[in-house]
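Quick notes on the structure that follows.
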């Protein structure tokens, strides 16, 4: 059964507490928190202060996805804010192994995200050091985009790499996840589904989470 991680980026920020409480009561497993800096991606979202407020609404895993340059400058702040997982982008890290070491030493699980144009092969030498890979199935920066079909091939490749090395690394898919394609994504080898608009723009978010969870 896949882990369901609704993305708060699609929540109503005027009713953020209400949306967080809804997620906390629901079958959602994780809170997915997208942090954007306007440099690595063409959008700005929120920082450690908002993560801390969200952290105070739940005991569920806070899965923080840093779509930012120089993530090493902020890792400690996100740990203090309550992040359980901290994911950095392969494309944003000049010294990726050092970034992963820092996250681990701070006591968080470490993830690496790759953009749609980045092949999974670049991760073969870092896989053994991380807990999850976040495969971007849309171009990062904005919610509501359509799933890029080639992602299915990348998931299968990545799963094969993980199995070959006998590793316990989770595969997270972020972007364009819907009730229509979730089964195909899971069958390809995904462990975690990030869903933003699919959950928060639905008429009944709790029921939509239930439906994703039952796939």
(request) Return the residue satisfying two criteria in turn: it lies in region 125-154 and is touching a residue at least 40 places away in the same chain (Cβ under 8 Å) and assigned to a loop (DSSP other than H, G, I, E, B), and of such residues it is farthest from residue 69 (Cα to Cα). (result) 144
(request) Hey, can you tell me all the residues within region 164-215 that are over 23 Å from residue 114 (Cβ atoms) and not in a helix (DSSP H, G or I)? (result) 179, 180, 201, 202, 203, 204, 214, 215
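Does region 100-110 include one or more residues that are buried (at least 19 other Cβ atoms within 10 Å of the Cβ) and not in a helix (DSSP H, G or I)? Explain how you work it out, then say what you get.
Residues of region 100-110 buried (at least 19 other Cβ atoms within 10 Å of the Cβ): 100, 102-103, 108, 110.
Among the residues that remain, those that are also not in a helix (DSSP H, G or I) are: 108, 110.
Among the residues of region 100-110, at least one is buried (at least 19 other Cβ atoms within 10 Å of the Cβ) and not in a helix (DSSP H, G or I), which makes the answer yes.
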(request) Please work out which residue is modelled with the highest pLDDT, limiting yourself to region 196-208 and to residues that are in contact with a helix residue (DSSP H, G or I) (Cβ under 6 Å, 6 or more places away or on another chain) and buried (at least 23 other Cβ atoms within 10 Å of the Cβ). (result) 199
(message) Here is a check on your reading of the model: is residue 18 farther than 19 Å from residue 182 by Cβ and in contact with a helix residue (DSSP H, G or I) (Cβ under 9 Å, 6 or more places away or on another chain)?
(response) no
(request) Go through region 157-180 and give me each residue that's in contact (Cβ under 8 Å) with a residue 12 or more places away in the chain and under 18 Å from residue 215 (Cβ atoms). (result) 159, 170, 171, 172, 173, 174, 175, 176, 177, 178, 179
(message) Looking at region 168-190, can you tell me whether even one residue there is in contact with a helix residue (DSSP H, G or I) (Cβ under 6 Å, 6 or more places away or on another chain), surrounded by fewer than 18 Cβ atoms within 10 Å (Cβ to Cβ) and within 28 Å of residue 95 (Cα to Cα)?
(response) no
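The values are calculated or read from the model by the stated rules, or taken from the named source; none is laboratory data. These numbers come from a predicted model, not from an experiment. Note that each Cβ is placed from the backbone with ideal geometry, even for glycine, and that neighbours are counted across all protein chains shown.
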